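Engineer: Before we start, here is the structure in question, set down as structure tokens.
Quick note: the coordinates plus some simple rules give every number you see, no bench work behind them. Bear in mind that the values here come from a model prediction, so they are computed numbers and not experimental data. Using ideal geometry, Cβ is built from the backbone for each residue, glycine included, and neighbour counts are taken over all protein chains shown.
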């Protein structure tokens, strides 16, 4: 029986393979990039979706988050923020422990709301910056 | 010494390995399946608040043909953040009924368990410990398990993450009270899969977690 369950687990993973390829958040444009490990947020290149959302008139918010060490952590963030209509794009970088959001043109999201949503995701915000780094 | 401590607590029955991430983000669902040398279990939970999860659990104690069906609540007692690490302390409890299956004629009886779990991890290292006491209507048993893991590389969000782990578990009531289980963990997006083997009991180990 245990062998059957083990095989079922493997089959389960296989059936999820399409979801694995896409599931980084509820926004289809959510994505990730591979930053250098010692890269500072200010130096971080913007990924394609973030860049596209900014080009559409959105504003960039960068939050530094403690405790993000795995995909479940990142996914918690993308799914929590992905439910918000004012969020146009989301990007989580585990290397720099940074959450990037693009807020749609004409919309806003206060620091208090961002901190609350990070908390509801199970994590802790240490800093929030707005706009592009100098 | 450890055996005496466990016995002194009045130990009841239990299974389960360290369940990774027993509490999710608010509004998140998690499905967990696991089979180890003693039991096989399915568990689905919902996180209404980031410090709590509530769900249903079915667990089959294979050597006794006994099945537990009930509800489980898990509380995140404390989470310690650092920029590059995270530590968690959880307490959990479950209540339901346990009844015999196959050749076991035992009727359904009230059953339950309590336990604690702690873990600490970075993107390279993982350690955890879990202990559980349970009463499935057949006297007391207990278990505890400790695990250490190492990731050979640091993947980013969405990459395939690979971990090599070693779990040591103690179940005083079994013929082999202490066993070691080497296992490998694959982790990608919402899915975590673990495969291993317990040589002392000649039993495979497998678990999966799907978060949605």
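Engineer: Provide B:161, B:75, B:49 in ascending order of the number of other Cβ atoms located within 10 Å of each residue's Cβ, fewest first. Before the final figure, lay out the partial values.
Structural biologist: On the way: B:161 22, B:75 16, B:49 13.
Ordered by Cβ neighbours within 10 Å, fewest first: B:49, B:75, B:161.
Engineer: On a full-extension model of 0.36 nm per residue, what is the gain between residue B:54 and residue B:91, subtracting their alpha-carbon distance, rounded to one decimal in nm?
Structural biologist: Stretched fully, the residue B:54-residue B:91 segment lengthens by 12.1 nm.
Engineer: Taking the Cβ of each residue in A:61, B:23, B:127 as the centre, tally the other Cβ atoms inside 10 Å and list the residues starting with the fewest. Write out the running numbers ahead of the final one.
Structural biologist: Values: A:61 20, B:23 23, B:127 15.
The most exposed by this proxy come first: B:127, A:61, B:23.
Engineer: Convert 10 °C to kelvin, take the viscosity as 1.306 mPa s, use the Kirkwood radius over C-alpha pairs of chain B as Rh, and evaluate the Stokes-Einstein diffusion coefficient in µm²/s, rounded to a whole number.
Structural biologist: D, rounded to a whole number, is 91 µm²/s.
Engineer: Using a 10 Å cut-off around each Cβ, can you sort A:71, B:119 from fewest to most neighbouring Cβ atoms? Intermediate results must be reported in sequence, preceding the final value.
Structural biologist: Values: A:71 27, B:119 21.
Ranked by crowding around the Cβ, least crowded first: B:119, A:71.
Engineer: If one computes the Cα centroid of segment A:74-97 and of segment B:38-80, what distance in Å separates the two points?
Structural biologist: 28 Å
Engineer: With the Cα gyration tensor of segment A:69-117 giving a ≥ b ≥ c as the square roots of its eigenvalues, does the rule (a/c under 1.5 for rounded; else a/b larger than b/c for prolate; else oblate) give rounded, prolate or oblate?
Structural biologist: Values: a/c = 1.91, a/b = 1.85, b/c = 1.03.
Here segment A:69-117 falls in the prolate category.
Engineer: Multiplying the sequence separation of residue B:69 and residue B:168 by 0.36 nm and subtracting their Cα-Cα distance, what value in nm do you get?
Structural biologist: Details: separation 99, 0.36 × 99 = 35.64 nm, distance 2.64 nm.
Answer, rounded to one decimal: 33.0 nm.
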